[in-house]
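One structure is given below, encoded as structure tokens.
The values are calculated or read from the model by the stated rules, or taken from the named source; none is laboratory data. Small disclaimer: the values here were computed from a predicted structure and weren't measured. Note: ideal-geometry Cβ built from the backbone for every residue, glycine included; neighbour counts use all protein chains shown. Please note that ligands, DNA and RNA were not included when accessible areas were found on the heavy atoms of the full protein model with its side chains. Shrake-Rupley method; radii C 1.70, N 1.55, O 1.52, S 1.80 Å.
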Amino acid sequence: MDSKKLKNVILKIKWLSFLAMGKTSPNPPVAAVITNSSGDILAFGNTQMVGFSHAEREAYRDLDQKISMGLDTQAESKQGHNLFVSLEPCTHTGKTPPCRDLVIERSPSKVMLGWKDPNPLVLSGDWEAYQKQGIEIRLHPLIAQSSYPFLHGFFQRIKKNRPWVWVKSAITSDGFYATHEPSNQPISSSESQFYLQMLRAKFDAIVVGPKTMQVDEPGLDFRLNEDDFHSKGEVSKIDFGKIAEFFSPGEQMLDSLFAESNAECYSEHVSNLNSYQPWRVFILKEGLEIASSFMEKQKALNERYGKKLCLFYLVTSSHKYGTPDLTHFSELSTLSDFPILKITDMDSDLFFKDLTNHGVNTVILEAGSFVWNFVKENLDVNDCILTIQSEKEWKEGKSFLGLNQFEKQIQYQVGPDLWQIEMKS
């Protein structure tokens with residue numbers, strides 16, 4: 001395959017992975033592309049919502065559909081076809097049959113993979129069955145690179161029993177995320193809003209602390225409208241002259257967010273709005289007042305999306321003894337299918353592990369001081385801190401303490417806002 005055709009395959013894998021991310025968990029967002037022997041793309045697919053087809057089945061379904069429509073695909077595929085997949089086909093029966101069996105049945109000449117599957121249910125690297133059928137199978141580094149940011153959360157959950165964590169805060173030009181007196185004042189610009197919503201769609205859970213819950217009463221759902229799309233800002237990456245790393249999932253994720261969020265992407269997400277809804281996660285503290293308006297908003301969102309996507313955690317001080325009284329929060333039980341989990345303010349590792357029990361591969365923490373202090377000691381390699389710095393100046397307020405904590409920093413200009421991602425690596 002010549003370099004131009006390979007590039008087309010890699011770009012298609014990246015696009016399909018981006019579209020899948022945010023709606024497949026706990027399954028990984030896998031992409032599959034079928035080419036003819038010359039490298040021309042014949043068909044493609046990606047992983048659907050849990051319980052539905054994996055990427056390989058979607059790609060072969062697409063191929064069969066094109067054949068049934070009388071396209072030239074049938075002749076080309078009979079001459080020998082190749083399969084490119086971002087993650088090794090599964091070998092076990094879950095809610096769908098093993099994809100390995102399907103691939104062997106369809107007998108491509110070559111199978112090019114991005115990554116071996118770390119899931120212990122998968123017989124990873126057991127490729128003898130392919131080889132017995134004369135199928136060449138091997139790993140390809142460019143497929144691995146293009147798919148890594150989308151699969152990284154799945155890898156984290158399987159290998160470390162924790163999600164890929166992003167700590168996000170909107171701040172003023174002088175570094176404040178909130179005023180001293182409680183008030184709901186938007187900070188980031190309208191030019192950033194579309195990308196912020198798209199980022200929300202790509203993650204499995206959005207978390208806020210007690211003060212944000214009380215003051216802002218946020219919805220935390222993924223929502224898009226045409227005005228957001230048309231008002232999105234121009235994006236330019238600020239080059240510090242550093243050599244880009246081959247694998248840098250946080251940077252690659254933002255690169256894809258800005259590059260792939262086009263009209264087709266907007267249309268795809270609007271038409272599948274329910275599929276991209278994240279868990280709405282609220283961290284409580286004792287004595288927190290729960291407004292009836294918050295309850296009504298979350299109830300309406302549960303009804304709109306047809307499922308209870310709220311999770312609640314009560315964080316208590318480690319020096320306090322005895323069992324906290326949950327009577328004060330009993331009304332929240334109507335919003336969730338799961339009980340409130342009680343943890344100490346030293347147990348962010350338990351918090352992350354519990355999120356993985358809900359199939360969360362990726363999580364964004366909308367951070368003020370409470371959330372930052374809760375998780376700062378438990379951030380892992382490749383976890384990210386994202387700040388969206390506006391032109392607004394407050395001169396005084398509450399400073400975001402997570403700013404400039406990690407050495408590796410990448411910046412983007414999004415309209416008037418400066419997006420900075422810091423990575424722990």
Item to complete: Go through the range 403-415 and give me each residue that's more than 15 Å from Thr172 (Cα to Cα) and either outside any loop (DSSP other than H, G, I, E, B) or in contact with a Phe, Trp or Tyr (Cβ under 7 Å, 6 or more places away or on another chain) (or both).
Response: Lys408, Gln409, Ile410, Gln411, Tyr412
Worksheet item: Looking at the range 10-60, which of its residues are open to solvent by 20 Å² or more (accessible area, probe 1.4 Å) and of a type in the set (Asp, Glu)?
Response: Asp40, Glu58
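Can you pull out every residue in the range 119-177 that is among the charged types (D, E, K, R), surrounded by fewer than 18 Cβ atoms within 10 Å (Cβ to Cβ) and touching a Leu at 6+ places or on another chain (Cβ under 9 Å)?
Of the residues in the range 119-177, the ones among the charged types (D, E, K, R) are 126, 128, 132, 136, 138, 157, 159-160, 162, 168, 174.
Now restrict to residues that are surrounded by fewer than 18 Cβ atoms within 10 Å (Cβ to Cβ): 126, 128, 132, 136, 138, 159-160, 174.
Scanning the range 119-177 gives a single hit, Arg138.
Yes or no, residue by residue, for (1) of a type in the set (Gly, Ala, Ser); (2) touching a residue at least 40 places away in the same chain (Cβ under 8 Å):
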site	(1), (2)
Pro98	no, no
Trp127	no, no
Ile143	no, yes
Ile158	no, yes
His180	no, yes
Ser183	yes, no
Ser188	yes, yes
Item to complete: Starting from the range 240-254, take each residue that is touching a residue at least 60 places away in the same chain (Cβ under 8 Å) and list its partners that are assigned to a loop (DSSP other than H, G, I, E, B), counting only C-beta distances under 7 angstrom and pairs at least six apart or across chains.
Response: Pro249/Asn382; Gly250/Asn382
Item to complete: Quickly run through the range 215-274 and pick out the residues that are over 16 Å from Glu191 (Cβ atoms), hydroxyl-bearing (Ser, Thr, Tyr) and open to solvent by less than 30 Å² (accessible area, probe 1.4 Å).
Response: Ser248, Ser256
Worksheet, complete the sentence: Apart from one, (1) within 30 Å of Ala144 (Cα to Cα); (2) touching a residue at least 60 places away in the same chain (Cβ under 8 Å); (3) of a type in the set (A, V, I, L, M, F, W, C) all hold for Ala263; the odd one out is (2)
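To keep it simple, each residue is scored yes or no on (1) touching a residue at least 60 places away in the same chain (Cβ under 8 Å); (2) over 23 Å from the mean Cα position of the chain (by Cα); (3) in a helix (DSSP H, G or I).
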| residue | (1), (2), (3) |
| --- | --- |
| Phe18 | yes, no, yes |
| Ala32 | no, no, no |
| Thr35 | no, yes, no |
| Arg57 | no, no, yes |
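Does the range 250-264 contain at least one residue that is among the acidic types (Asp, Glu) and more than 28 Å from Val50 (Cβ to Cβ)?
Just the residues of the range 250-264 that are among the acidic types (Asp, Glu), to begin with: 251, 255, 260, 264.
Still in the running and more than 28 Å from Val50 (Cβ to Cβ): 251.
Among the residues of the range 250-264, at least one is among the acidic types (Asp, Glu) and more than 28 Å from Val50 (Cβ to Cβ), which makes the answer yes.
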